[in-house]
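*Asks:* The structure is given below, and queries will be raised subsequently.
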């Protein structure tokens, strides 16, 4: 995966881990709030192939209009859920069409997005939500933590290089990376929202998560080498050690994420 483009294979690989890791209670709480407020329109930002839609649609039968926005028309064309035969597909950038689309939504949601955006974009998105009175559910924002069951002396080297890389330009200015979810909560609270920020870590182990873990490690190493090419040999050695243990299913790794629920003033859930 590159900085701001994700292929369908990667998105499919992570979907099961994404779905099981989310704070499931947040979807239920938003359903309660929607029933009181009469919300019916949901906007999914950076929707890709529709993983967020597939998770939420069975849990949110109250939604009448699903709008999915992504800059990749190819990924967007494949976005589908069994219970949503014809979602509205919007091809566009987060900085223009994305912010504009918030004005037509009751609920704004996104998965694995906030750590890629800049503080400027995030501030504008929260202002747009507040102006519209829209609720927000932003899930699976990377929080900068990676913990292996059996520590390796270079785990910290890889993690720190990855986290530095996460805060580089990703298409919307300098990305917030691991700071994204707490910063979003601060912005929503300043706008008068009630918020909940809870951990939603990936817990990866065994043969079922092997392919995802190997793909993750390749991405981490590519990012680390791009940032610190002088440490290539040391980073490749770490990758070789970890690859051996993962392929033999002698591994457990927890990759930290956070989910954020933000409800506008006067809303109860």
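*Asks:* Does region 126-138 contain at least one residue that is under 30 Å from residue 237 (Cα atoms) and in contact with a helix residue (DSSP H, G or I) (Cβ under 8 Å, 6 or more places away or on another chain)?
*Replies:* First, the residues of region 126-138 that are under 30 Å from residue 237 (Cα atoms): none.
Taking every residue of region 126-138 in turn, none turns out to be under 30 Å from residue 237 (Cα atoms) and in contact with a helix residue (DSSP H, G or I) (Cβ under 8 Å, 6 or more places away or on another chain).
*Asks:* Can you tell which of 166, 174 is buried (at least 17 other Cβ atoms within 10 Å of the Cβ), in contact with a strand residue (DSSP E or B) (Cβ under 9 Å, 6 or more places away or on another chain) and touching a residue at least 12 places away in the same chain (Cβ under 8 Å)?
*Replies:* Details: 174 fails: buried (at least 17 other Cβ atoms within 10 Å of the Cβ).
Just one listed residue meets the conditions, 166.
*Asks:* If I ask for residues that are buried (at least 21 other Cβ atoms within 10 Å of the Cβ), on the phi > 0 side of the Ramachandran plot and either assigned to a helix (DSSP H, G or I) or over 15 Å from the mean Cα position of the chain (by Cα) (or both), which ones from region 123-160 would you list?
*Replies:* Selection gives nothing.
*Asks:* Mind telling me which of the residues 248, 240, 180 ends up being buried (at least 20 other Cβ atoms within 10 Å of the Cβ) and at negative phi? Don't jump to the end; show me each part of the working.
*Replies:* Numbers: 248 fails: buried (at least 20 other Cβ atoms within 10 Å of the Cβ); 240 fails: buried (at least 20 other Cβ atoms within 10 Å of the Cβ).
Going through 248, 240, 180 in turn, just one is buried (at least 20 other Cβ atoms within 10 Å of the Cβ) and at negative phi: 180.
*Asks:* How many residues are assigned to a strand (DSSP E or B) and under 13 Å from the mean Cα position of the chain (by Cα) when one looks only at region 109-122? Step through it out loud before you land on a result.
*Replies:* First pass over region 109-122, keeping only residues assigned to a strand (DSSP E or B): 109-111, 118.
The next check asks that each one be under 13 Å from the mean Cα position of the chain (by Cα); those that pass are 109-111.
Result for region 109-122: 3.
*Asks:* Take the residues in region 78-91 that are within 26 Å of residue 32 (Cβ to Cβ) and buried (at least 19 other Cβ atoms within 10 Å of the Cβ); name whichever of them is modelled with the highest pLDDT.
*Replies:* So, considering only residues that are within 26 Å of residue 32 (Cβ to Cβ) and buried (at least 19 other Cβ atoms within 10 Å of the Cβ), the one modelled with the highest pLDDT is 87.
*Asks:* Need at least 3 residues that are under 21 Å from the mean Cα position of the chain (by Cα), modelled with pLDDT of 95 or more and closer than 27 Å to residue 12 by Cβ per element, so show me which strands (runs of 3 or more DSSP E) inside region 184-269 make the cut, counting only ones lying wholly within it.
*Replies:* Values: elements: 194-199, 202-205, 252-263.
Strands (runs of 3 or more DSSP E) meeting the threshold: 202-205, 252-263.
The values are calculated or read from the model by the stated rules, or taken from the named source; none is laboratory data. This structure is a prediction, so every number in the text was calculated from the model and none was measured. Quick reminder, even Gly has a Cβ in these numbers, built from the backbone with ideal geometry, and neighbours come from all protein chains shown.
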